[in-house]
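The values are calculated or read from the model by the stated rules, or taken from the named source; none is laboratory data. Owing to the predicted nature of the structure, the values given are computational and were not obtained by experimental measurement. Heads up, the Cβs are rebuilt from the backbone with ideal geometry, glycines too, and the neighbour counts pull from every protein chain shown. What goes into the accessible areas is simple: the full protein's heavy atoms, side chains included, and nothing from ligands, DNA or RNA. Shrake-Rupley method; radii C 1.70, N 1.55, O 1.52, S 1.80 Å.
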Amino acid sequence: MNIKADALPAISIIVPVYNVADYIVESLDSLAKQEFNGTFEVILVDDCSPDNSKQLCEDFVAAHPHLARLIALPKNQGVAVARNTGLAAATGEYFAFFDPDDLMPKDALQHLYNAAITHQADIVKGNNIVFNEQRSFAPDYNVDATKIYVDDAILSTYFEHKDTRGHPWGKLFRRALFDGVLFTPGVLMAEDILFCAEAFARAKKLVFITDTVYEYRLRQTSSTGKKFETGVYLWWLYGVENSGNFVSTPNQNAHFKGLQILTLLQIVREARALDGSLLADVLTELHSRERKWQLNPLNLVFKFRVTRDALVHFAKYKYTLTKLDYRALRYKGTLKTAQ
């Protein structure tokens, strides 16, 4: 790592911090050990952590004063505000996001930066692994060859959700191009979807590389039922629906419709674990979105011209939805009998 105090860094790494004392020392150590031949800064934003995460951040800054700085928010405001605060403080040519319970391979920044410079890319996305205490695995959206997308195809491939997902980590962004692209405060689930949709819509060149640049720690923080009981899954639908605001071509819209279908399919599959009135409420919401989004066979084929994969996903969604509708009807019938 080459640090020059009088030079702006090549990369700013933005780290929102909240209640991660069990992991943050190992995570930040993986940043400090980056073998990068340029300069980079680590911007820690503590969101009023109730544990000793802030103290651990202060210890890290004290040990690496030329590498890291800490911004302490006056009150807890959520990860969106923390990330936006980091973006406002960033000075690097590029920026990247890092969650303080994850890890970064020692050559990650070098691989990302090399690709950005070589291809003059606005966004570079690398492969990642997912791990917990028992195992680690490579997700199916990792790529096995370098891929380059330009213009219209960038947002289309984001909506397609085959080679990338809506999370902001594991990617490098050219800072000058994304001024004003921010996370939406107050969103309680899938807050990354809109940020990435706007960023991918602005980008002129996107590059996928095969190098592993991120290690995502899989933590069990909430159950499927809780997601539906609290209603936060509606924020997921909100993010997907509003990401369509960045569509500008028929090709992008076709893939956007594919993302809407894929989202409904994922939700209806998770809803199989539900029953009773909660299941009925979720199914009512799915039917409502299906109508609002104009998802029917004729529109999908002739109006939106979606992909074959999207049509298959829609068929699977309708099949599962029909089965759950029948279960919900039986529940309503049981209620009437009891009355």
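What the table below lists for this structure:
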| item | result |
| --- | --- |
| The chain: angle of helix 192-202 to the longest principal axis, Cα-based, in degrees nearest 10 | 70 |
| Ratio of Rg to Rh over region 235-319 (Cα coordinates, Kirkwood Rh, two decimals) | 0.98 |
| 3J(HN,Hα) from dihedral phi, region 127-132, Karplus parametrisation 6.51/-1.76/1.60, rounded to Hz, x for glycine, proline | 6, 9, 10, 10, 9, 8 |
| Accessible carbon and sulfur surface of the chain relative to its total accessible area, %, 1.4 Å | 51 |
| Relative contact order (percent, whole number), region 161-226, Cα cutoff 8 Å, 6+ residue spacing | 34 |
| For region 41-173: relative contact order, % (alpha-carbon pairs under 8 angstrom, 6 or more apart) | 24 |
| When the convex hull of its Cα atoms is projected in every direction, mean area for region 73-131 (nm²) | 5.4 |
| Quarter of the Cα convex hull surface for region 138-225, i.e. its orientation-mean projected area (nm²) | 6.9 |
| Built amide H within the under 5 Å cut-off of D211, gap 5+ | N127 |
| Hydrodynamic radius (Kirkwood) for the chain, which is based on Cα pairs only, to one decimal in Å | 21.5 |
| Residues whose placed amide H lies under 5 Å from that of T39, excluding near-sequence neighbours | A10, I11 |
| In order through region 93-107: 3J(HN,Hα) via Karplus (6.51 cos²θ - 1.76 cosθ + 1.60), integer Hz, x for Gly, Pro | 5, 10, 9, 9, 9, 9, 8, x, 10, 9, 10, 10, x, 5, 9 |
| Hz values of 3J(HN,Hα) by residue in region 46-60 - Karplus curve (6.51, -1.76, 1.60), Gly and Pro given as x | 7, 9, 6, 4, x, 9, 9, 4, 4, 4, 5, 5, 4, 4, 5 |
| Computed [θ] at 222 nm, deg cm²/dmol, the chain (DSSP H ≥ 4; -39,500 (n - 2.57); rounded to nearest 500) | -14000 deg cm²/dmol |
| Nearby lysines by direct alpha-carbon distance to K125 (threshold 29 angstrom, same-chain neighbours under 8 apart not counted) | K4, K33, K106, K147, K162, K171, K204, K205, K227, K257 |
| Among beta bridges that DSSP assigns inside the chain, antiparallel share in %, nearest 5 | 35 |
| Neighbourhood net charge (15 Å Cβ-Cβ; Lys/Arg +1, Asp/Glu -1) for Q77 | 0 |
| Rel. contact order, % - alpha carbon contacts under 8 angstrom, at least six apart, the chain | 16 |
| Share antiparallel - DSSP beta bridges, region 99-210, percent rounded to 5 | 75 |
